[in-house]
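Here the structure comes first, spelled out in structure tokens, and everything after it is commentary.
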Amino acid sequence: MHLELLSLTDFRSYSEVEIQLVPGGCAFVGPNGQGKTNLVEAIGYVATLGSHRAAGDAPLVRLGAERATVRAGLVRDDRKALVELEIVPGKSNRARINRADVPRAREVLGLLRTVLFAPEDLAIVKGDPSERRRFLDELLTVQSPRMVAVRSEYDRVLKQRNALLKTAGATVRSGKGDLRTLEIWDSHLASSGADLLAARLRLVAELGPLVEKAYDEVSAGGGAATMNYKCSLGPEAALVPDRDLLSAQLLEAISAARSQELDRGVSLVGPHRDDLVLQLGPLPTRGYASHGESWSYALALRLASYNLLRESGDTGMDPVLILDDVFAELDAERRQRLARLVGTAEQVLITAAVPADVPEELAGARYDVMAGEVRRVV
Amino acid sequence: MYEGIVQDLIDELGRLPGVGPKSAQRIAFHLLSAEPAEVRKLVHAISEVKEKIRFCEVCANVTEDALCRICRDPRRDPSVICVVEEAKDVVAVERTREFRGRYHVLGGAISPIEGIGPDDLRVRELMTRLSDGAVTEIILATDPNLEGEATATYLARLIKPLGLKVTRPASGLPVGGDLEYADEVTLGRAFEGRRLLDV
């Protein structure tokens with residue numbers, strides 16, 4: 001699929017902008033701080049209903065405006081769809097598809113698929129485990145929108161259970177509390193946790209070989225990139241994506257951790273404690289990989305995600321690939337290699353500070369971005 | 001801001017569930033322009049309900065007497081009890097005219113975040129009702145959300161050892177609706193709970 005239109009009203013620095021896009025490469029070029037990333041952020045928002053660099057919706061609305069509007073025209077095979085989103089901070093978003101209101105903004109998820117690589121992605125390699133869990137969970141929701149519900153159900157169970165653990169410790173120690181309510185939340189945590197865990201394990205198994213291949217191609221023989229899912233169930237656990245088996249193991253681990261959980265007042269077992277361990281050769285990337293290696297690894301994770309979605313999706317559902325400020329960090333040779341790798345994508349959107357940063361293979365349409373205005377260069 | 005008692009009225013109305021500041025203002029001005037007799041009727045209805053309405057001694061449904069209409073009715077089947085969260089759920093089930101048993105209103109659902117545990121619900125009263133042997137089936141009709149499910153699981157574990165039949169209403173597709181409009185979660189549940197078609 002590709003985008004043919006992006007139109008923004010009061011989004012970030014833009015009061016009003018409309019851009020016609022083309023299949024193949026589209027490069028947004030302009031000095032820093034002119035609003036290039038705001039464009040790709042808006043596109044990412046249509047795909048995920050979230051921003052890749054802000055936690056809430058408030059920063060997305062132009063200073064002084066009440067709401068922001070994003071319109072995106074999609075083309076899949078020969079069919080077209082227009083998605084419109086109205087972002088009002090503190091309220092739920094309103095969405096329209098082909099000029100018809102939809103009951104929930106969530107309905108637009110799955111219409112546009114994107115894979116976005118941005119400098120912030122360095123945190124997946126260098127940051128806390130939560131960054132890598134989020135990477136996995138976000139990819140899961142792109143693959144299957146049902147995972148949004150699985151994720152929020154798990155978060156809710158976790159909150160309820162932690163609230164109970166905080167008070168249960170005291171009541172149990174005083175000898176009058178009973179653990180029966182806690183056991184109810186144990187079983188809910190185990191069953192919705194198993195759902196999430198099974199989906200993550202399946203994803204890691206599919207993604208692993210693609211990451212190794214992508215890293216090899218980006219770095220040209222910089223060592224084998226492998227990844228392992230580190231689970232709170234411990235190293236002996238049978239990590240197969242079978243819900244019933246995982247649920248049983250989670251229940252067992254939860255009851256084994258009972259006294260520790262009561263002491264500390266938090267849930268210590270479950271997918272919210274897991275990590276994805278990234279390795280280069282024999283060493284973990286965290287703490288060992290150089291800046292360049294970490295950068296290549298983050299890029300490989302996104303390229304592998306792109307290839308996975310491309311392979312597993314229906315025809316015509318190739319995601320739109322977005323490379324935000326990537327090329328400036330790469331040397332000439334790696335630039336060429338990356339350009340060749342993504343050259344077959346249906347649409348690649350690129351941002352760069354200077355035209356020289358955009359490899360020739362991808363220099364399809366060029367747009368100059370300057371002070372909140374976007375002009376196609378012909 | 002309005003002056004004195006007008007603002008007081010708006011503030012009071014604004015405290016009601018589902019009434020925002022704009023609606024409160026509209027209702028207040030409607031009352032100001034209404035016939036005094038109409039307003040007195042409203043005042044009377046509010047104070048009557050506060051004075052006379054109590055909770056049924058058996059099932060905690062709202063009633064004007066010691067026992068509610070359903071618990072007083074000898075034609076209702078005493079062997080089946082339908083457990084619901086709130087009194088308004090009784091009305092919802094009654095509308096179906098399908099259920100001829102009796103009710104038990106819990107007064108909420110288990111939710112540790114809000115500090116509500118089984119001891120804050122009318123669980124002990126329910127267990128007392130089950131002890132006399134007249135009841136053979138319990139229908140756990142708590143809400144189909146996380147807290148309602150947790151409450152149902154809790155009660156089921158408590159009741160099962162008594163050897164009673166414990167059931168839960170099916171979750172699934174709305175009748176008369178279109179499959180394409182169902183959300184993923186509901187549709188997923190409906191598939192999990194699919195049944196054999198007898199022909």
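The values are calculated or read from the model by the stated rules, or taken from the named source; none is laboratory data. This is a predicted model, so every value here is computed, not measured. For neighbour counting, all protein chains shown are included, and Cβ atoms are generated from backbone atoms with ideal geometry for every residue, glycine included.
Is segment A:283-293 home to any residue that is more than 24 Å from A:P31 (Cα to Cα) and acidic (D, E)? Within segment A:283-293 (the criterion being more than 24 Å from A:P31 (Cα to Cα) and acidic (D, E)), the answer is yes, since at least one residue qualifies. Taking residues in segment A:319-340 that are at negative phi, and partners anywhere that are assigned to a loop (DSSP other than H, G, I, E, B) and of a type in the set (K, R), the pairs with Cβ atoms closer than 8 Å and at least 6 places apart or on different chains are A:P319/A:R113; A:V320/A:R113. Pairs are defined by a Cβ separation below 6 Å, a sequence spacing of at least 6 or placement on different chains, a first member in segment B:11-35 that is of a type in the set (S, T, N, Q), and a second member that is part of a helix (DSSP H, G or I); the pairs so defined are B:Q25/B:I10. A:T114 meets all of the listed conditions (1) within 30 Å of A:K230 (Cβ to Cβ); (2) of a type in the set (S, T, N, Q); (3) surrounded by fewer than 20 Cβ atoms within 10 Å (Cβ to Cβ); (4) at pLDDT 90 or above but one, namely (3). Residues of segment A:289-348 that are in a helix (DSSP H, G or I), out of contact with any helix residue (DSSP H, G or I) (no Cβ under 9 Å at 6 or more places or on another chain) and surrounded by 15 or more Cβ atoms within 10 Å (Cβ to Cβ): A:R310 alone. Residue count for segment B:42-69 satisfying the condition of being in a loop (DSSP other than H, G, I, E, B) and at negative phi: 11. Of the helices (runs of 4 or more DSSP H) lying entirely inside segment B:112-199, the ones with 3 or more residues being more than 23 Å from the chain's Cα centre (by Cα) and either within 13 Å of another protein chain (Cβ to nearest Cβ) or closer than 25 Å to A:W185 by Cβ (or both) are found at B:184-192. Residue count for segment A:163-182, restricted to those that are crowded, with 16+ Cβ neighbours inside 10 Å and facing chain B (nearest Cβ under 8 Å): 3. Look at (1) under 30 Å from A:S290 (Cα atoms); (2) of a type in the set (S, T, Y); (3) more than 11 Å from the chain's Cα centre (by Cα) and you find that A:S144 fails only one, number (1). Just one of the listed residues (A:L246, A:L276) is in a helix (DSSP H, G or I), of a type outside the set (F, W, Y) and surrounded by 20 or more Cβ atoms within 10 Å (Cβ to Cβ), and it is A:L246.
Within segment B:1-21, the set of residues being assigned to a helix (DSSP H, G or I), modelled with pLDDT under 90 and within 29 Å of the chain's Cα centre (by Cα) comprises B:P21 only.
Here's the yes/no breakdown for (1) modelled with pLDDT of 90 or more; (2) surrounded by fewer than 14 Cβ atoms within 10 Å (Cβ to Cβ); (3) of a type outside the set (A, V, I, L, M):
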| site | (1), (2), (3) |
| --- | --- |
| B:I53 | no, yes, no |
| B:D89 | yes, no, yes |
| B:G108 | yes, no, yes |
| B:L140 | yes, no, no |
